[in-house]
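Since the structure comes first, as structure tokens, the remarks are kept for the end.
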Amino acid sequence: MRIQSTVALVTGANRGIGREIVSALVAAGAAKVYAAARDVARLAETVAIAPDRVVPLALDVADRQAVAALATAVPDLRLLVNNAGVLDFGSALDMAPEAIERNFTVNFYGPLLTTRALAPVIAGNGGGAVVNIASVVALASMPALAGYNASKAALWSLSQSQRGSLAPLGIAVHTVFPGPVDTDMAAEITFPKTSPADVARAIVEGIESGRDDIFPDPMSASVYEAWRADHKAIERQFAAV
Ligand SMILES: NC(=O)c1ccc[n+]([C@@H]2O[C@H](COP(=O)([O-])OP(=O)(O)OC[C@H]3O[C@@H](n4cnc5c(N)ncnc54)[C@H](OP(=O)(O)O)[C@@H]3O)[C@@H](O)[C@H]2O)c1
């Protein structure tokens, strides 16, 4: 879809990749971007990107009542970016079930229920797109991130289900598989990281190009090529991390 003149909503827009996606959407000509965050007081820097076009919105994607009531707040929506995410460390042997649940609540049920609440709005406005920010660990697991891997793999699966269900409503679904990005979430990760601004620009370019699966940085693009050639080799490589 074209970003020019469209109306978008980005969850988790107060920092990191989310804030840069707001910036990239504004740069691409979006008419309005709803910047959603748990705490609207932390959206000042995001709104300052374009105070006439960026609209702050309170949204905790784990608050199911708030998510279900979202449609009335964004009646002109065409593009939903499910970006909000959490990452908890822990292996399959020791990770607390509560931490695994938290990863699924935000990373899987968040996009599932937000999309469910807003798809009728997007369809009513003539169609548009949903973007799910997954991760390269959806393709193959890093053992120290057992709950996160699983939540992102589930989100990839969900994206495929949504693509089939939303196509008749004129809504495209894009899945994004970033590698390490230089944000708070990746602070403890020592791999080379791509800037969130570069990743955000690649995501917007992928939406405009109509690509189902978006690999928005050099690491994710090369992992995808290697995974296509031999997915077990990538599984072994990630297992050794
Ligand atoms: N950084 C990476 O290396 C990397 C790689 C692959 C994929 N990703 C994915 O990219 C997305 C953005 O991550 P990031 O790197 O920008 O991380 P980040 O800097 O930690 O930002 C995470 C964002 O999600 C928000 N959030 C967390 N829980 C929320 C909830 N319940 N409701 C609403 N918002 C919530 C945070 O809000 P608060 O400020 O209120 O906590 C924050 O705005 C995530 O889905 C992440 O999994 C990141």
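Table for the structure above
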{"quantity": "DSSP H segments from the chain that extend 18 Å or more along their own axis, Cα-based, with Kyte-Doolittle mean of -1.0 or above", "calculated": "110-124, 146-166, 196-209"}
{"quantity": "Difference of contour (0.36 nm per residue) and Cα-Cα distance, residue 160 to residue 101", "calculated": "19.0 nm"}
{"quantity": "Under 14 Å from residue 152, Cα to Cα: aspartates and glutamates that are on another chain or at least 8 residues apart", "calculated": "88, 101, 213"}
{"quantity": "Amide H contacts of residue 214 (H built 1.01 Å from N, under 5 Å, at least 5 apart or other chain)", "calculated": "175, 176, 177"}
{"quantity": "Descending semi-axes in Å of the stretch 7-239, equivalent ellipsoid built from Cα gyration tensor", "calculated": "27, 19, 18"}
{"quantity": "The stretch 7-239 - accessible surface per residue (Å², probe 1.4 Å)", "calculated": "43 Å²"}
{"quantity": "The stretch 67-190 - convex hull of the alpha-carbon atoms, volume per residue in Å³", "calculated": "104 Å³"}
{"quantity": "Accessible surface of the stretch 7-239, 1.4 Å probe, proportion on carbon and sulfur as whole %", "calculated": "54 percent"}
{"quantity": "The stretch 145-175 and the stretch 45-79: distance between their alpha carbon centers, rounded to Å", "calculated": "21 Å"}
{"quantity": "Calculated SAXS-style log₁₀ I(q)/I(0) at q = 0.19, 0.25, 0.32 Å⁻¹ - the stretch 1-45, Debye, Cα scatterers", "calculated": "-0.51, -0.81, -1.13"}
{"quantity": "Cut-off under 5 Å, modelled amide H: who pairs with residue 84 long-range", "calculated": "11, 12"}
{"quantity": "Solvent-accessible area of residue 141 with every protein chain in place, 1.4 Å probe, in Å² to the nearest 10", "calculated": "60 Å²"}
{"quantity": "Relative contact order (percent, whole number), the chain, Cα cutoff 8 Å, 6+ residue spacing", "calculated": "19 percent"}
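The values are calculated or read from the model by the stated rules, or taken from the named source; none is laboratory data. Worth saying up front: this structure is predicted, and the values here are computed from it rather than measured. Ligands, DNA and RNA are excluded from the accessible area calculation, which covers all protein heavy atoms including side chains. Shrake-Rupley method; radii C 1.70, N 1.55, O 1.52, S 1.80 Å.
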